[in-house]
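The values are calculated or read from the model by the stated rules, or taken from the named source; none is laboratory data. Just so we're clear, the structure is a prediction, and the values are computed from it rather than from any experiment. Cβ atoms come from the backbone with ideal geometry, glycine included; neighbour counts cover every protein chain shown.
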Amino acid sequence: MNIAIIGTGYVGLVTGTCFADMGMQVVCVDNNEAKVQGLRQGVIPIYEPGLAPLVKKNHEAGRLSFTTSLKEGIADAEAVFIAVGTPPDEDGSADLSHVLGVAGEIGDCLDGYKVIVTKSTVPVGTAELVRARVRECLERRGATDVEFDVASNPEFLKEGAAIKDFMSPDRVVVGVDSERARKVMQRIYRPFLISSDRMLFTDIPSAEMIKYAANAMLATRISFMNDIANLCDLVGANVDMVRKGIGSDARIGTKFLYPGCGYGGSCFPKDVKAIISTARKHGYDMRVLRAVEEVNEAQKHLLFEKLERHFDGRLKGRRVALWGLAFKPETDDMRQAPSLVLIDELLKAGATVRVYDPVAMNECRRILGDNVEYGANIYDAALEADAIMLVTEWKEFRMPSWGVVHKAMRLPAEGEPLPPVLDGRNIYDRSELNSAGFTYYGLGK
Ligand SMILES: NC(=O)c1ccc[n+]([C@@H]2O[C@H](COP(=O)([O-])OP(=O)(O)OC[C@H]3O[C@@H](n4cnc5c(N)ncnc54)[C@H](O)[C@@H]3O)[C@@H](O)[C@H]2O)c1
């Protein structure tokens with residue numbers, strides 16, 4: 001089975017590599033020359049646990065190759081997966097220019113039956129736009145006898161656990177409208193679903209909608225719990241206990257009930273915006289999701305507000321150690337990360353920020369350059385700091401030696417409270433921190 005993947009980012013590279021690992025012949029196409037050159041030499045452009053050795057193994061075995069030429073990449077493929085980015089447009093809708101650009105390129109060189117699959121997260125109706133664009137190109141070339149199908153195969157992998165998610169998916173959703181395409185897609189995914197068939201075939205619009213509905217539901221749980229945590233703070237309840245109390249209800253379940261400093265990443269923020277925008281275009285107002293977004297935006301500022309209150313608004317000249325830059329652990333992805341909002345606010349308030357993240361330091365340098373200082377580890381980041389802000393719950397941040405942190409920090413001025421630790425992920429214990437000489441701020445406890 002020959003497969004082409006167009007767009008070799010988080011999704012494209014993981015998808016291509018996992019297909020190759022199941023014995024398929026995969027060509028990954030990307031229009032970023034440097035990325036393709038790097039991949040050919042074994043340079044993996046993203047941090048994703050387990051990905052590097054898998055790329056190396058399959059590349060060396062000759063099952064996984066990289067090219068900038070789409071024509072060459074799709075030549076022998078039975079299925080072409082479009083996995084390019086769909087960033088938010090100015091009005092929040094998904095920018096489909098990359099997806100449709102690729103569809104046009106495919107139409108310009110398609111010379112035999114293939115299934116053209118949208119793996120990028122795209123609004124309902126996009127597969128039809130892809131079909132129309134490919135047809136247009138075929139007509140222009142006078143190649144209307146060339147057959148093809150479109151399919152929608154949204155991706156549910158989580159950055160940080162992408163290989164595991166792809167290799168053992170909870171479900172594989174495929175929207176098709178032809179038996180021929182269905183058979184091709186079934187064959188591609190059979191190796192991943194040998195122990196149990198978790199393949200869900202739907203019509204194409206439903207497959208497109210499932211992805212947005214899934215992300216919108218997860219984002220809703222997060223914002224809901226952030227709202228509950230904020231109320232817990234006001235009424236003296238402990239959100240950790242509340243979370244356990246409601247999570248043990250089988251109808252609710254335990255996942256995605258953790259308050260934090262706001263969801264980020266390349267998916268939830270843009271997908272929530274995009275589904276709101278789709279609804280608006282159809283004259284419908286997604287009231288729940290507008291509130292989900294509003295709560296999330298406010299939540300990203302919460303640690304800053306707590307810090308400002310702690311120092312009575314006097315943040316100028318303060319030093320803040322910020323632990324964790326990536327939008328979540330086990331990735332170097334900082335797209336829409338709460339850390340960026342907090343750093344921006346701290347700098348505007350005249351504070352100095354010294355950051356540390358186990359893998360996202362280079363990404364931070366690329367985005368923020370010398371606007372922040374870079375620590376070599378959490379203790380180094382705490383050097384001369386007046387406050388600690390925990391933003392990403394990396395494992396190595398969970399049990400620091402608080403005595404060493406305290407020693408590294410600046411002593412509070414006369415009359416000021418103990419130095420604050422702002423726990424943006426509720427992973428620390430208040431009494432432990434109080435005994436170690438800190439003021440503790442959690443979320444809803
Ligand atoms: N990142 C995730 O966790 C995740 C999970 C599920 C779904 N998705 C969706 O998958 C899609 C891709 O996301 P990503 O995070 O992998 O994006 P990404 O930005 O990491 O990768 C996109 C890649 O496409 C390439 N590209 C752009 N235009 C191209 C073209 N015309 N020809 C060839 N290559 C081109 C870019 O150079 C880049 O390497 C998005 O729609 C996203 O919403 C992402």
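Being assigned to a loop (DSSP other than H, G, I, E, B) and more than 16 Å from the ligand (Cβ to nearest atom) is the filter; apply it to region 135-167 and report the residue that is surrounded by the most Cβ atoms within 10 Å (Cβ to Cβ).
That would be Val146.
Could you tell me whether region 16-29 includes any residue that is within 13 Å of the ligand (Cβ to nearest atom) and assigned to a helix (DSSP H, G or I)? Show your work before the answer.
Residues of region 16-29 that are within 13 Å of the ligand (Cβ to nearest atom), as a first pass: 16-17, 27-29.
So of that shortlist, the ones also assigned to a helix (DSSP H, G or I) come out as 16-17.
Checking region 16-29: at least one residue is within 13 Å of the ligand (Cβ to nearest atom) and assigned to a helix (DSSP H, G or I).
Any idea how many residues of region 94-112 are of a type outside the set (Ser, Thr, Tyr) and free of Cβ contacts under 8 Å to residues at least 24 places away in the same chain? I'd like the intermediate steps shown before the answer.
Filtering region 94-112 down to residues of a type outside the set (Ser, Thr, Tyr) leaves 94-96, 98-112.
Now narrow it down to the ones that are free of Cβ contacts under 8 Å to residues at least 24 places away in the same chain: 95, 101.
The total comes to 2.
Grab the strands (runs of 3 or more DSSP E) fully contained in region 43-125, keeping just those with 3 or more residues being within 12 Å of the ligand (Cβ to nearest atom) and assigned by TED's automatic domain parsing to the domain that holds Gly7.
Passing ranges, in order: 79-82.
Can you confirm whether region 209-224 contains a residue that is assigned to a helix (DSSP H, G or I), under 30 Å from Glu179 (Cα atoms) and touching a strand residue (DSSP E or B) at 6+ places or on another chain (Cβ under 7 Å)?
Checking region 209-224: at least one residue is assigned to a helix (DSSP H, G or I), under 30 Å from Glu179 (Cα atoms) and touching a strand residue (DSSP E or B) at 6+ places or on another chain (Cβ under 7 Å).
For region 31-59, name all the residues that are surrounded by 14 or more Cβ atoms within 10 Å (Cβ to Cβ) and farther than 17 Å from Asp332 by Cα.
Matches in region 31-59: Asn31, Asn32, Val36, Gly38, Leu39, Leu54, Val55, Lys56, Lys57, Asn58, His59.
How many residues are outside any helix (DSSP H, G or I), of a type in the set (A, V, I, L, M, F, W, C) and surrounded by fewer than 23 Cβ atoms within 10 Å (Cβ to Cβ) if we restrict to region 279-333?
Total satisfying the criteria: 3.
Going by what's in this entry, would Val184 be described as within 23 Å of the chain's Cα centre (by Cα) and in the same structural domain as Thr15 (by TED's automatic domain parsing)?
In short, no.
Which residues, counting only those in region 216-271, are hydroxyl-bearing (Ser, Thr, Tyr) and on the phi > 0 side of the Ramachandran plot?
Scanning region 216-271 gives no hits.
Which of the residues spanning region 244-280 are among the polar types (S, T, N, Q) and either over 20 Å from Gln336 (Cα atoms) or touching a strand residue (DSSP E or B) at 6+ places or on another chain (Cβ under 6 Å) (or both)?
Within region 244-280, Ser248, Thr254, Thr278 meet the criteria.
Quick one: which strands (runs of 3 or more DSSP E) lie wholly within region 352-445 and hold at least 3 residues that are buried (at least 20 other Cβ atoms within 10 Å of the Cβ)?
Filter on region 352-445 gives 352-356, 387-390, 420-423.
Considering only region 130-189, how many residues are closer than 17 Å to Leu13 by Cβ and aromatic (Phe, Trp, Tyr)?
2
Residues to consider are Gly317, Gly283, Gly245, Gly324; find the one that is more than 20 Å from Asp227 (Cβ to Cβ) and without any contact (Cβ under 8 Å) to a residue 12 or more places away in the chain.
Details: Gly317 fails: without any contact (Cβ under 8 Å) to a residue 12 or more places away in the chain; Gly245 fails: more than 20 Å from Asp227 (Cβ to Cβ); Gly324 fails: without any contact (Cβ under 8 Å) to a residue 12 or more places away in the chain.
Just a single option satisfies the conditions, and that option is Gly283.
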